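This report concerns only the one structure given below.
Nothing in this text is a laboratory measurement; each read-out follows from the coordinates by a stated rule. As the structure is a computational prediction, the values presented were derived from the model and not from experiment. Note: ideal-geometry Cβ built from the backbone for every residue, glycine included; neighbour counts use all protein chains shown.
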Amino acid sequence: MFFTPASSGFPAEVFFLPKRRGTGKMRILDLSFPRSASWRRESRKTIPGSRVSARDDKQKPMEKYNHKEIEKKWQKIWADQKIFEVEVDEKKPKFYGLIEFPYPSGDGLHTGHPRSNTAMDIICRKRKMEGFNVLYPIGFDSFGLPTENYAIKMGVNPKIITEKNIQIFTRQLKSLGFGFDWSRVFSTTDEDYYKWTQWIFLQMFKNGLAYKAKEAINWCTSCKVGLANEEVVNGKCERCGGEVVQKEKEQWILRITKYADRLIDDLGTVDYLEKIKTQQINWIGRSEGAEVDFSITTTPPSTAVGAPLLRKEGISSPSEGEVVRSERTGGVADTLKVFTTRPDTLFGATFMVVAPEHEIISNFESRISNFGEVKKYIEESKKKTDIERTDLAKEKTGVELKGIKAINPVNNKEIPIFVADYVLMGYGTGAIMAVPAHDTRDYEFAKKYGLEIVEVVKDIKALKHENIKTKEECFIGDGVAINSGEFDGLTTVEFKEKITAWLEEKGIGKKTVNYKLHDWIFSRQRYWGEPIPMVYCETCAKKKTTVLIIHGFGGHSQENWFPWFKKEMEARGINIFIPDMPNTDSPKLEEWLESLEKLKDKFAGDLMVIGHSLGAPAACKFIEKNNLAVKKLILVGPAGKNCLNLEGLRKAGFDESDLEVAKDFCGEEPDWKILNKLAEKKVVYLSENDPFIIASDAKKEYKALNPEFIVFENKGHFNEGYGIKEFPEILKEFAELENNGWVPVPENELPVVLPEIEDFMPTDSGDSPLAKATDWINTKCPVCGGPAKRETDVMPNWAGSNWYFIRYCDPKNNKMMVDPKKAKYWLPVDWYNGGMEHTTLHLLYSRFVWKFLYDINAVPRECGNEPYKKRTAHGMVLGEGGIKMSKSKGNVINPDDYVQKFGADTVRLYEMFMGPFDQQIPWDDKGVVGVYRFLNKVWDLQEKVNRNQKSEIGDKKLLTLLHQTIKKVGEDIENMRFNTAISAMMILVNEMEKQPELRVTDYELLITILSPFAPHLSEEIWSQLGHKKSILFESWPEYDPKLIVADEIEIGVQINGKLRDAIAISIKASEDEIKSVVLASPKVKKWLDGKEPKKIIYIKGKIVSIVV
RNA sequence: GCCGAGAUGGCGGAAUUGGUAGACGCACACGACUCAAAAUCGUGCGGAGCAAUCCAUGAGAGUUCGAUUCUCUCUCUCGGCACCA
């Protein structure tokens, strides 16, 4: 280790400090180093070569504690006695402490890991001593790009690298003595684990939360992988910094947006740091406002200015001035829909802006007179990378769409339409109404192009205080309406409400909520991830499914849950028909059947029919009459006379003519036996309080049909009056349907094991490297048994880390994701600590997945709808000099060296002592020495302990300090103020050192409160004090409230606000006594200089302030 | 640009219902032990001054008997978001 320069002749130790991190060199002390004069003097006298033996002889006999031996010994004892291995124990309260499981990178553990791990270890050890059944698990988040990239470079299977890295991490983590339950360890790359990650995906698919769609995705040109929006930072890849471009690709996507509201609202029920909550809320970015339709007119102005101009589908654009009403369904209306959070500024909307990608531009191509110019602008903006687009933010550009105008619905004014890239297609509707008087961006744009600015909100503050000037000419705050016709004088809040109601009434707008959050792109075109358990079957894809919904009496296609359902089905690539039936208000069965027969030719593939209300009997007759083979028949209502609830209908207010209609449809029973044969699967929805159908009768009547009955409490027919907007329960009926040919792998075939391949290189075409594994790809279709191909994309890294904390409760279960009994006991996590860098994505995703699992009862109700009760965050450990640690900078600090040199306890203690836990702190090599000295002092104190004498020795002051320290350490741990807790213990130890003798009980208390921080040392001392059991079985000490009050206190004396004196006085002294003592003090007398005090203020136990 | 956090000795930091600024640790200086070094122990350690004292918590103002703590203005640093309508 050491070498002696031949020229020097000095013992090597004089000149060389221990090896430093990173440099690989010895640090050489400069001989001109200005050491003490005596050192220089003495060093000149030294005789080379005579020292080493002398040192050995005369070294102070003080035995330093042997951290290497002690730490090894206690780590073995903890493991042998399985002290941290826990099981469900209903008799004890549980505590589940969680840290982010590490990614086993090739660099090994760095100093950031022990910071979080030690903190939670301290908390968990304290909880254990407080009597809790503590679960503190560990595992590895082992899928991921760095390993895969390394594998590509070295040509080794990532599996081998991962296993090796995990071994290194395991050894390192064990060397630090964390109280992990190692019996529960797993890695996300374990087949037993990712089987359930895949299972969760399948549940999402079956519940309509996973879909495959062709979408422009963020494509990292360097990693050759699609990224979630969340993974793109400033237009660059979060991971490698490579350029990100848009690429069209079929992707698996998870509907996280469905949970957006709950992900915000439920934050009210958890104990997270405020800033973490804010980050979640900002990321989801919910904003409430209104959608408003602006009609479009062509110039020269149409004769019907202000009337909405509508266009039939298929006609490229209307002729001048023509007004065409579109069909209610299927037509593309010529309105420009905008989203605004400020509908109250509608009167100030003087122009409109659409994003370059907006369809209106191509729809009106022939009417836009300057289309060439527009096209050029669009192409230029497409060429800009995201970075350029943001860089150019200062200067807004755009082109007017000449030849078309929009009409402001509130005042019928014609306003121009622009295309500009400051409007984003991805948010709202991709079009805005521009209100330059009250929006900075619109203001900038209007100024540049000389557009009209109409002020419609008056600043109330400015009205009250005329001298206050607003900073800019454009006022964006709330105020009072002006220039807004009948709405003048309303406050912004009132106005928003009124105008939204007005828009809804007129049918030109509605209240809307928008989110920044997008659905989560879940495909990665890589190798080292969980295979997505889906199979593509061309036969099934061709087959296609047709869904037909027959609405009820007085119904039509645009109401109830039908529009929502149509969208859901279309997203799955399913043909769906919801025809408007003839004479809906006085329907005749014959007419309906005729109209349905006309549709028949359009059906393709398997047919599924839903009959809703009066549509139910119509559906039955339709199928029977036309001898249609139906894959599934769903009836929501009575189809025959026996279960028709005539009494209920009368009570519900239907008159006799209505009942005649019911009789027309239901009077003649369908032939149930034939229907039973024609329909492969039958489901009947019932509700206990449905006025149309009596559930018990229905069950009898439908007996011959042999259906599955689904009974809802209050949802079978109509819910909440007429027309629920969404009916998610029904989606399950379509779960096994093909999604454009995508078929889920049957659950009993999981896991879909990642095949071993040789070439991991991703392709420029955007296909996963798995696409080359032909043996693996070709499989059988689980539905039709024909040849099919496996999905070759894999899941993102987040997939495994979403739910790992659930699996810890029951890591070896091969029957289910988690045993509900165990989940019920351990979950939710009581305290989760991790880095700030994971408080948006990982936290959001895992909360989403938890909520989903909660909804489908995969985690029991008792666990609640939030996975983490409490979430805190630690600051990053920076390299020396305050620079972020990175391999490329060569300043990564490996805790191994410090564990070797100073021991695990020192590393743990230093990581906690270096500064406030939540702030980022640079690592300081020298600082480590301080806590090492402290631990040695604690060890050396053993010499002072009087083991026989348990009675009063030592003074009361020490006892007071001891109990104050117990109090402080306990409180500081709870608040994660570990640095001050350690400092308090240092003060106590310094004080104990000064004592000639120590009571063994006092020393034991010190060791007990120190034990969570420095467990090895504490255990060793504890056993040397004669205890047989681990200190972890000791209870956490309580301080004596009487003892924490000192007998004598020091009180400061201020004269005219300046501190002039301090006097020591008994705690029992009264205010008057204190005042007289103060006034008698010579220093005070001197400063008073004979003057009479005007006022004497006494703050109890703190200060006396004299005013002259 | 917006949101959030922060700025205290040579360094990491402590102290807030407004009440003795600089705890604890590092570094440094001197001393003890040693032939010597390391380790250890002791003393000192914000600045100016021989001292009494004065000045000091990013800068400037204010409230108060008293402000690191509260209010206002400004500067800088860090983190998050970034044309989100």
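Between segment A:632-675 and segment A:71-144, what is the separation of their alpha carbon centroids in Å?
Segment A:632-675 and segment A:71-144 have Cα centres spaced 64 Å from each other.
Enumerate the calculated ³J(HN,Hα) couplings along segment A:749-762 in order (Karplus 6.51 cos²θ - 1.76 cosθ + 1.60, θ = phi - 60°), each rounded to whole Hz, writing x wherever the residue is Gly or Pro.
Karplus-based 3J(HN,Hα) across segment A:749-762 equals 9, 6, x, 7, 7, 5, x, 7, 10, 10, 10, 9, 4, x Hz.
Can you give the helix-only mean residue ellipticity at 222 nm for chain A, where every DSSP H stretch with n ≥ 4 adds -39500 (n - 2.57) and the sum goes over all residues, rounded to the nearest 500 deg cm²/dmol?
Value at 222 nm, helices only, nearest 500: -10000 deg cm²/dmol.
If we sort A:433-439, A:812-818, A:628-634 on the protection proxy, mean other Cβ atoms within 10 Å, highest first, what's the order? Working shown, then result.
On the way: A:433-439: 24.9, A:812-818: 13.3, A:628-634: 19.6.
Final packing ranking: A:433-439, A:628-634, A:812-818.
Counting only residues 5 or more places away or on other chains, whose amide H sits under 5 Å from the amide H of A:Leu998 once H atoms are built in the peptide plane?
A:Val945, A:Asn946
If each residue's Cβ is checked for other Cβ atoms within 10 Å, how do A:Asp344, A:Asp655, A:Asp972 rank with the fewest at the top? Working shown, then result.
Values: A:Asp344 29, A:Asp655 9, A:Asp972 19.
The most exposed by this proxy come first: A:Asp655, A:Asp972, A:Asp344.
In this model, which of A:Lys543/A:Lys682; A:Lys128/A:Lys968; A:Lys815/A:Lys1029 are farther than 28 Å apart at the alpha-carbon?
Values: A:Lys543/A:Lys682 21 Å; A:Lys128/A:Lys968 19 Å; A:Lys815/A:Lys1029 38 Å.
Too far apart for the 28 Å limit: A:Lys815/A:Lys1029.
How much length is gained if the chain between A:Lys458 and A:Ile1065 is pulled fully straight, taking 0.36 nm per residue apart and subtracting their Cα-Cα distance, in nm to one decimal? Before the final figure, lay out the partial values.
Numbers: separation 607, 0.36 × 607 = 218.52 nm, distance 6.40 nm.
Once the chain is fully extended between A:Lys458 and A:Ile1065, it gains 212.1 nm.
Using the per-residue mean of other Cβ atoms lying within 10 Å as a proxy for protection, in what order, highest first, do the peptides A:919-931, A:404-416 fall? Intermediate results must be reported in sequence, preceding the final value.
Numbers: A:919-931: 16.1, A:404-416: 19.5.
The densest-packed peptide leads the list: A:404-416, A:919-931.
Quick one: Karplus J couplings for segment A:426-435, per residue in order, coefficients 6.51, -1.76, 1.60, θ = phi - 60°, nearest Hz, x for Gly and Pro?
For segment A:426-435, the Karplus-derived couplings read x, 10, x, 9, x, 9, 10, 8, 9, 10 Hz, x marking Gly and Pro.
Evaluate the relative contact order of chain A (contact order divided by residue number), counting alpha-carbon pairs under 8 angstrom at least 6 apart; express in whole percent. All intermediate terms of the calculation are to be shown ahead of the outcome.
Numbers: 1967 pairs, mean separation 141.9, N = 1108.
Contact order relative to length: 13 percent.
Of all GluC sites (Glu not before Pro) in segment A:1010-1076, which ones are in loop regions per DSSP and have a Cβ with at most 14 other Cβ atoms within 10 Å? Write down the numbers at each step before the final one.
Working: sites: A:Glu1019, A:Glu1020, A:Glu1034, A:Glu1038, A:Glu1048, A:Glu1050, A:Glu1071, A:Glu1073; in loops: A:Glu1034, A:Glu1038.
Listed in order of number, the matching sites are A:Glu1038.
What is the order of A:Phe445, A:Phe665, fewest Cβ neighbours within 10 Å to most? The partial results should precede the final answer.
On the way: A:Phe445 22, A:Phe665 27.
So the ranking, lowest neighbour count to highest, is A:Phe445, A:Phe665.
Hey, with R₀ at 25 Å, roughly what FRET efficiency would A:Asn626 and A:Glu656 work out to, going by the Cβ-Cβ distance, to 0.05? Working shown, then result.
Working: r = 32 Å, r/R0 = 1.28.
That gives a FRET efficiency of 0.20.
How much of the DSSP beta bridge set in chain A is antiparallel, as a percent to the nearest 5? Intermediate values should be presented prior to the final figure.
Working: 76 of 125 bridges.
The antiparallel proportion sits near 60 percent.
Scan segment A:1027-1108 for trypsin sites (Lys or Arg not before Pro) in coil per DSSP, keeping those whose Cβ has at most 14 other Cβ atoms within 10 Å, and list them by number. If you can, show how the numbers build up before the last one.
Working: sites: A:Lys1028, A:Lys1029, A:Lys1042, A:Lys1058, A:Arg1060, A:Lys1068, A:Lys1075, A:Lys1083, A:Lys1085, A:Lys1086, A:Lys1091, A:Lys1094, A:Lys1095, A:Lys1100, A:Lys1102; in loops: A:Lys1028, A:Lys1029, A:Lys1042, A:Lys1068, A:Lys1091, A:Lys1094, A:Lys1100, A:Lys1102.
The qualifying sites are A:Lys1028, A:Lys1029, A:Lys1042, A:Lys1068, A:Lys1091, A:Lys1094, A:Lys1100, A:Lys1102.
Need one number: nm distance between label points at A:Glu1050 and A:Ser1076, each 7 Å from Cα along Cα→Cβ, rounded to one decimal.
Output for this residue pair reads 2.6 nm.
Please give, to one decimal in nm, the separation of the simple spin-label points placed at A:Met836 and A:Ala501, each 7 Å out from Cα toward the Cβ.
Each label point is offset 7 Å from its Cα along the Cβ direction, giving 4.6 nm.
What is the order of A:His556, A:His963, fewest Cβ neighbours within 10 Å to most? If you can, show how the numbers build up before the last one.
Values: A:His556 16, A:His963 21.
Going from least to most buried by this count: A:His556, A:His963.
Given a cut-off of under 8 Å on Cα pairs at least six residues apart, what relative contact order in percent is computed for segment A:596-692?
Numbers: 137 pairs, mean separation 34.7, N = 97.
Averaging sequence separation for qualifying contacts and normalising by length gives 36 percent for segment A:596-692.
Cα centroids of segment A:330-380 and segment A:407-465: how far apart, whole angstrom?
Comparing the Cα centres of segment A:330-380 and segment A:407-465, I get a distance of 14 Å.
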